[in-house]
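Just below is one structure, and these are the notes that go with it.
Rule-based calculations on the coordinates, nothing more; no lab input. These numbers come from a predicted model, not from an experiment. Heads up, the Cβs are rebuilt from the backbone with ideal geometry, glycines too, and the neighbour counts pull from every protein chain shown.
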Amino acid sequence: MADATLDHHLTLLTHLRGILVALGEAEQVPEESHELFMERYDELITLLPQDPIESQYLGQDLLCQVIQRYPQIAHLVPRDLLWFFAGDCLHFMPDEEIELYQALDERRYEAEANDEPFDWGREKQLLALSAQGNSKH
């Protein structure tokens, strides 16, 4: 796994962690179970750079729990994380969104195969704009 991809997802996990911490501080969730959840979440952030493959299942489990335990912030969960961890996380993505991410991955693999640079954010915007343009016709 490319370092840039891993760094991107670690940044998103850290951002989501900030939202979860704020939720706990606002006392909108049971404190004890939230603390235990945050310990597991921090474990994921620590383990992901060390063993990205083994961390996949923990990531899937925790992201699904974020959506199920904290539905008030489900819309704030970065979609890139759902795609990255895949598995059960894909149940929270509509088919059109999955198709967009599949196309994005295909573009990334093609760029890597040709030793070309790939900007995930830029390509994602281009595909989203293309999809919007096609849906209007």
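Before moving on, here are some points about what is shown:
- Ordering of 101-112, 76-87 by packing [mean C-beta count within 10 Å, highest first]: 76-87, 101-112
- Helical contribution to [θ] at 222 nm, DSSP H n ≥ 4, -39,500 (n - 2.57), averaged over the chain, rounded to 500: -25500 deg cm²/dmol
- Per residue Cα convex hull volume in Å³ - calculated over the chain: 116
- Helices meeting the span-like rule in the chain (full DSSP H runs, Cα extent of at least 18 Å along the helix axis, mean Kyte-Doolittle score of -0.5 or higher): 3-25, 52-69.
- Between Q65 and Q50, the modelled label-to-label distance comes to 1.8 nm, taking each label 7 Å out from Cα in the direction of the beta carbon.
- Spherically averaged projected area in nm², based on the convex hull that wraps the Cα atoms of segment 94-137: 3.2
- For the pair A22 and E96, the difference between a 0.36 nm per residue extended length and the Cα-Cα distance amounts to 23.5 nm.
- Packing-based order for 44-54, 5-15, using average beta carbon neighbours within 10 Å, highest first: 5-15, 44-54
- When E97, E31 are arranged by Cβ crowding within 10 Å, least crowded first, meaning fewest neighbours, the order is E31, E97.
- Across segment 1-77 the C-alpha pair distances fall into 10 Å bins from zero in the proportions 18, 54, 24, 4 percent.
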